[in-house]
Amino acid sequence: MMNRTLNPNHTRLLPLLVLLTPLLLVSPAAAQRGRNSSRVVQQPQISQPAVFDQRTLNRAGRDLAKAERSLLQAEFFAQRLSSSEAATLTELGRETLQEARASFQAGDFFAAREAAKAADNLFKAANALYEGETGYMGHHSSRSFFEAPFRAQENLTRLKAELAYYGNSDSRVSELMQQAEDLLSNVNTAPGSYSFKDFAQSRAARHTARAALHLMASERGF
């Protein structure tokens with residue numbers, strides 16, 4: 001039998017091999033998991049206020065455009081028909097629409113949107129009164145025809161409740177509430193007596209009350 005002697009260099013490497021053996025036996029998958037666990041993932045930061053402002057800006061722009069279209073219809077009727085109540089509502093709608101434009105330019109998009117909605121409802125109230133003069137019902141279902149007085153009363157009741165709870169310093173709100181009450185008081189809901197003019201008055205009362213609600217929201221900011 002041949003006697004083999006260890007090379008002195010091999011003897012010096014033995015302790016190093018003992019230390020490295022556990023590391024060499026680790027699987028590649030485990031090593032990858034170890035590397036992943038030490039990696040810090042940076043999540044993208046989203047500015048929520050910026051997203052909200054952009055959304056409100058877009059909606060305010062759409063509401064302004066909607067009010068502009070309603071104004072055009074009111075002006076069309078005003079050139080052909082005469083109604084002092086409708087003319088007063090249209091003029092108030094113009095003033096409110098101008099406020100909406102000013103708020104939009106100033107970057108107060110919520111106030112702009114609510115003022116635009118108020119103006120749109122004022123124009124729609126005027127248009128309903130003009131239509132009442134013509135006897136033209138337009139595209140309305142029989143259900144909306146008969147439910148109009150009740151929908152108007154619902155909005156008027158809500159307006160009174162919000163005014164009592166929040167209060168309001170805008171004199172237009174109380175004036176519009178009174179006008180909505182006057183319009184609704186002239187409606188005859190008795191079976192067989194309810195007419196297209198009553199329907200038009202009811203629609204005008206509902207839109208007048210809604211305009212006041214949006215003016216209140218614009219003032220209080222929510």
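The values are calculated or read from the model by the stated rules, or taken from the named source; none is laboratory data. A quick note: this is a predicted structure, and the numbers were derived from the prediction, not measured. So basically every Cβ, Gly included, is an ideal-geometry build from the backbone, and we count neighbours across all protein chains shown. Heavy atoms of the whole protein, side chains included, go into the accessibility calculation; ligands, DNA and RNA do not. Shrake-Rupley method; radii C 1.70, N 1.55, O 1.52, S 1.80 Å.
Structure summary
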| read-out | value |
| --- | --- |
| Residue-normalised accessible area of the range 91-209, expressed per residue, 1.4 Å probe, Å² | 49 |
| Carbon + sulfur, % of accessible area of the range 145-222 - ligands and nucleic acids excluded, 1.4 Å | 51 |
| Local net charge near VAL173, Cβ-Cβ under 10 Å (Lys/Arg +1, Asp/Glu -1) | -3 |
| Pair ARG62, SER185: separation of 7 Å Cα→Cβ label points (nm) | 3.9 |
| Estimated inter-spin distance, SER84 and THR157, nm [label 7 Å along Cα→Cβ] | 3.3 |
| Stretchable slack from SER171 to THR134, in nm (0.36 nm times residue separation minus alpha-carbon distance) | 10.2 nm |
| Anchor LYS197: aspartates and glutamates whose Cα lies under 20 Å away (excluding residues fewer than 8 positions away in-chain) | GLU85, GLU131, GLU133, GLU147, GLU154, GLU181, ASP182 |
| Note, ³J(HN,Hα) from phi for the range 109-116, Karplus 6.51, -1.76, 1.60, rounded to Hz, x at Gly and Pro | 6, 5, 4, 4, 5, 5, 5, 5 |
| Spatial extent of the range 162-222: Rg and Dmax, with the Cα atoms as the point set, Å | 13.7, 45 |
| Assigned charges on the beta-carbon of Lys, Arg, Asp, Glu; the range 70-222 dipole about Cα centre (debye) | 380 |
| For LEU129, net neighbour charge (Lys/Arg +1, Asp/Glu -1) across residues whose Cβ lies under 11 Å away | 0 |
| Computed over the range 59-190, Kirkwood Rh from alpha-carbon pairs, angstrom | 15.8 |
